[in-house]
Amino acid sequence: MHSATEPAEANAYWPAHAKLLLDSYRQWTGRDLLISDDPARALYHAPFALLSHDSAADTRFTYANLAAQAAFEMPWSEIVGMPSRHSAEPLAQAARERLLQLVATQGYIDDYSGVRIARSGRRFTIQHATVWNLVDTDGAMLGQAACFRVE
């Protein structure tokens, strides 16, 4: 589902992954995350943080737009492939795991708040985050995604 190559003009900003993110978001919420003539580029440059992770037992980030990279103070090459549990402090990981299980069961939530940790150790709050399941056209679970604004 992901590549080591950062989204850019040369790879059209990953249009297949952008379609998965947008279609899954619309499927669960009934809303459009954004509307654009160039959605893959718009997602990568969006003013909100957007991340996705795979469906492995120890999930790893598969996508992080520029706002997410700034929030976590990590370039694409560091955040993509990193276990997503590292985005929360050890004490917050149990709450994060309960959130992911709830999303897996319901399909999405749109009122998540929590504290995350950047590479420098700076803590930041995310509020009213939407977290949703990523499913392909056959309904197979491919992972989860989250979007939020950094407070």
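Points worth noting:
- The one condition from (1) within 12 Å of the chain's Cα centre (by Cα); (2) more than 15 Å from ASN133 (Cβ to Cβ) that ASN11 does not meet is (1).
- Within region 127-146, the set of residues being in contact (Cβ under 8 Å) with a residue 40 or more places away in the chain, among the hydrophobic types (A, V, I, L, M, F, W, C) and out of contact with any helix residue (DSSP H, G or I) (no Cβ under 8 Å at 6 or more places or on another chain) comprises ALA146 only.
- Residues satisfying the stated conditions in region 87-99, i.e. of a type in the set (Gly, Ala, Ser), surrounded by 16 or more Cβ atoms within 10 Å (Cβ to Cβ) and in a helix (DSSP H, G or I): SER87, ALA92
- Any chance LEU100 is among the aliphatic types (A, V, I, L, M) and without any contact (Cβ under 8 Å) to a residue 40 or more places away in the chain: no
- Criterion (surrounded by fewer than 16 Cβ atoms within 10 Å (Cβ to Cβ), among the acidic types (Asp, Glu) and under 21 Å from PRO7 (Cα atoms)) met by exactly one of ASP38, ASP110, ASP58: ASP38
- Lone unmet requirement of (1) on the phi < 0 side of the Ramachandran plot; (2) over 13 Å from the mean Cα position of the chain (by Cα); (3) not β-branched (Val, Ile, Thr) for CYS147: (2)
- Residue check, ALA94 among the small types (Gly, Ala, Ser) and modelled with pLDDT of 90 or more: no
- Residue list for region 1-56, filter: among the acidic types (Asp, Glu) and out of contact with any helix residue (DSSP H, G or I) (no Cβ under 7 Å at 6 or more places or on another chain): GLU9, ASP23, ASP37, ASP38, ASP54
- Residues (on the phi > 0 side of the Ramachandran plot and either without any contact (Cβ under 8 Å) to a residue 24 or more places away in the chain or among the hydrophobic types (A, V, I, L, M, F, W, C) (or both)) located in region 2-54: ALA12, TRP14, GLY30
- Residue within region 1-21 that is at pLDDT below 95 and surrounded by 14 or more Cβ atoms within 10 Å (Cβ to Cβ) present: yes
- Residue list for region 120-140, filter: of a type outside the set (Gly, Ala, Ser), exposed (fewer than 13 other Cβ atoms within 10 Å of the Cβ) and under 21 Å from ARG60 (Cβ atoms): ASP136
- Scanning region 70-86 for residues that are in contact (Cβ under 8 Å) with a residue 60 or more places away in the chain and surrounded by 15 or more Cβ atoms within 10 Å (Cβ to Cβ) gives ALA71, TRP76, VAL80.
- For region 100-147, filtering for residues that are in a helix (DSSP H, G or I), farther than 19 Å from LEU22 by Cα and polar (S, T, N, Q) leaves 2.
The values are calculated or read from the model by the stated rules, or taken from the named source; none is laboratory data. Fair warning: this is a prediction, and the values are worked out from it, not measured in the lab. Because the Cβ atoms are built from the backbone with ideal geometry, glycine has one as well, and the counts that use them run over all protein chains shown.
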